[in-house]
Amino acid sequence: ASSIEVEDLTNFMDDTDWDFTQKLDGTRLMVVCTDNHIVGLNRRRTIPVDPRILKIVKSFNNTLIFDGEMLDGTYWLFDLPLLEGFCDATTPYWKRREVLSAIEETLRVAGIQEIQVLPNYWDSKDKEDLQHWCRLTYIDS
């Protein structure tokens, strides 16, 4: 991700082709699962994956790549670059988010809380609400 000019923020707020997502300050973790072999990666190196997350990812029994952040024992997903048979890196982001939403519902029904999908906001009202919440939480406190 890169920074934007303040003037451009209004354009992004009104453009439904762009989403807003809350920034987390956890540990970046991309989980790559191929043939039930799971590797955790961040931007610099291979990193260990929490055993609870390993067990859940193995249960998908599929080649996949989750991208997210570990924060306070929860793996917060914000992208799904690969889920064999459903999406890959060439799939539009909004479509990958739809697949993530379906995964989120499956996890919720199963009572799994260790993996969550980070909410994203597409319309200007939701983006304004997120911006307001961030201001109250991080700037005004």
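The values are calculated or read from the model by the stated rules, or taken from the named source; none is laboratory data. Here the structure is a predicted model, which means the values were calculated and not measured. Ideal geometry is used to build each Cβ from the backbone, glycine not excepted, and the neighbour counts take in all protein chains shown. Areas reflect the complete protein model, heavy atoms only, side chains present, ligands, DNA and RNA absent. Shrake-Rupley method; radii C 1.70, N 1.55, O 1.52, S 1.80 Å.
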The answer for the range 23-128, accessible area per residue at 1.4 Å probe in Å², is 58
Under a 1.4 Å probe, counting only protein heavy atoms, D72 has an accessible area in Å², nearest 10, of 150
So for the range 59-128, using the alpha carbon gyration tensor with a ≥ b ≥ c as root eigenvalues (a/c under 1.5 gives rounded; past that, a/b versus b/c decides prolate or oblate), I'd call it oblate
When every protein chain stays in place and a 1.4 Å probe is rolled, I4, I53 sorted by accessible area with the largest first are I4, I53
Gyration tensor on Cα atoms of the range 37-80, a ≥ b ≥ c root eigenvalues, a/c under 1.5 rounded, else prolate if a/b beats b/c, else oblate, says rounded
Heavy-atom accessible area with a 1.4 angstrom probe orders F86, F66, most exposed first, as F86, F66
On the formula 1/(1 + (r/R0)^6), with r taken between the Cβ atoms of A102 and R43 and R0 of 30 Å, the FRET efficiency rounded to 0.05 is 0.60
Per its Cα gyration tensor (rounded if a/c is under 1.5, else prolate when a/b beats b/c, else oblate), the range 59-98 is best filed as oblate
